[in-house]
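Comments concern the structure below.
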Amino acid sequence: MRKIDVKIPSRPKDSYTIAIGNNLLGSILTKVKKRMPKKNLFVLTDANVAKAGLLKKLLKSSKLPYYIISPAGERSKHIQTVTKIIESMEKKALGRDCAVIALGGGTVGDIAGFVAAIYKRGVPVIQIPTTTVSQADSAIGGKTGVDSSISKNAYGSFHHPSAVYIDVSTLKTLNKKQFNTGLVETIKHALIADEKYFIYLQKNMKDIIAKKPGPLEYIALKNCQVKASVVEIDPYEKNKRRILNYGHTIGHAVESASNYRILHGQAVAIGIIAANIIEQKLGFGDKKRLSELKKLFKQMNISLKIPKSITKRKILDIISRDKKAVNKWPRFVLLAETGKVLCKKGDYAHNVKRKIVEDAIDILLKQSF
Ligand SMILES: NC(=O)c1ccc[n+]([C@@H]2O[C@H](COP(=O)([O-])OP(=O)(O)OC[C@H]3O[C@@H](n4cnc5c(N)ncnc54)[C@H](O)[C@@H]3O)[C@@H](O)[C@H]2O)c1
Ligand SMILES: [Zn+2]
């Protein structure tokens with residue numbers, strides 16, 4: 001088992017450890033009980049994760065209370081689910097001495113983290129991520145929340161986990177599309193932080209897609225290192241953490257314009273290609289990297305084709321309303337080189353002229369695979 005410590009210097013009590021291994025699930029509860037012997041544990045998961053047998057593997061013969069979110073997926077990520085969970089915790093007479101265990105993907109992790117942040121003014125949460133997105137991204141960093149009927153993550157809070165346990169064997173039951181698109185955040189991590197890691201991903205993508213435990217443990221470790229190093233410097237998203245938004249400005253716009261029919265990872269892949277085109281137009285892009293990325297996404301079976309119903313105007317309209325926009329125009333995170341984000345005077349987000357962005361979108365709209 002490998003371990004990484006995430007230190008939060010401004011609030012040392014919020015620091016935590018990430019443990020990574022293969023076939024860990026059956027031994028996690030014993031470890032948690034050892035770490036927090038006085039806590040009453042409450043497990044949250046969703047219907048698909050339970051159906052995949054992961055809840056049974058985690059609980060073994062223990063009789064811990066649990067709650068299964070149904071239906072699984074983003075549709076349940078709203079405030080009514082939080083209310084139901086909290087009332088179910090109260091009925092089980094759980095007090096401030098309880099801790100929430102999140103077993104599932106980013107949806108369960110975000111709901112459970114938010115429940116833990118507000119239940120009786122805050123109880124600990126332990127994350128056990130079971131998707132490529134959550135193992136690389138959402139389980140680490142402390143962002144929690146649920147959607148309103150108007151926007152995503154409208155209700156939210158920063159609540160860092162007390163511990164994270166990554167068991168790569170849980171990915172075996174995840175469907176191929178979810179698995180592959182979730183890997184886009186992994187590629188993003190390599191691009192923003194580590195060129196050697198990007199080369200590793202190109203060389204080993206076949207084994208990663210084949211879900212071989214060795215490469216999966218390695219990428220979990222690298223992803224946590226990259227995300228943890230950013231979170232440690234900027235635990236509450238004030239500046240540096242923006243680099244994790246690489247590819248997300250146009251990516252989010254495409255995702256939202258598709259009414260969330262395009263999966264987040266696929267949209268971010270499109271956004272990463274857009275950022276690479278913009279970098280080239282600004283004169284510091286890398287042609288080789290752009291063709292390597294296209295090759296990689298093809299190997300991962302991720303289409304970069306934007307559906308006809310999504311027009312340039314729609315994308316421009318959405319990015320002008322980006323939550324980080326200034327004067328109705330977003331600022332972009334860009335790469336200075338592979339593994340290094342462009343930083344000017346301590347700022348990681350940059351103004352890009354509208355014409356350049358429009359030209360990049362024109363190129364994207366012509367993408368045919
Ligand atoms: N908090 C953050 O920093 C952060 C970062 C990225 C994404 N997110 C959030 O994460 C959510 C997406 O997370 P996700 O991509 O993990 O999706 P998800 O949690 O919705 O899971 C995708 C699907 O796979 C199923 N599933 C999960 N694990 C499984 C397994 N091991 N075997 C079989 N089925 C399994 C789920 O039930 C669901 O149907 C979004 O709501 C997004 O906003 C949060
Ligand atoms: Zn993302």
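The values are calculated or read from the model by the stated rules, or taken from the named source; none is laboratory data. Here the structure is a predicted model, which means the values were calculated and not measured. Here Cβ is always computed from backbone atoms with ideal geometry, including for glycine, and neighbour counts include all displayed protein chains.
In the set 235, 215, only one residue is more than 15 Å from ligand 1 (Cβ to nearest atom) and surrounded by fewer than 22 Cβ atoms within 10 Å (Cβ to Cβ); that residue is 215. Among the residues of the stretch 1-14, those identified as in a loop (DSSP other than H, G, I, E, B) and either free of Cβ contacts under 8 Å to residues at least 60 places away in the same chain or not polar (S, T, N, Q) (or both) are 1, 7, 8, 9, 11. With respect to residue 143, determine if the residue is among the basic types (Lys, Arg) and closer than 30 Å to residue 213 by Cβ. Yes.
For the stretch 124-181, filtered to residues that are surrounded by fewer than 20 Cβ atoms within 10 Å (Cβ to Cβ) and over 23 Å from residue 253 (Cβ atoms), the residue that is nearest to ligand 2 (Cβ to nearest atom) is 158.
Being touching a helix residue (DSSP H, G or I) at 6+ places or on another chain (Cβ under 6 Å), within 16 Å of ligand 2 (Cβ to nearest atom) and not assigned by TED's automatic domain parsing to the domain that holds residue 349 is a property that residue 230 has.
Do we have any residue at all in the stretch 45-66 that's within 16 Å of ligand 2 (Cβ to nearest atom) and modelled with pLDDT of 95 or more?
Of the stretch 45-66, the ones within 16 Å of ligand 2 (Cβ to nearest atom) are none.
Looking for residues that are within 16 Å of ligand 2 (Cβ to nearest atom) and modelled with pLDDT of 95 or more, one finds none in the stretch 45-66, hence no.
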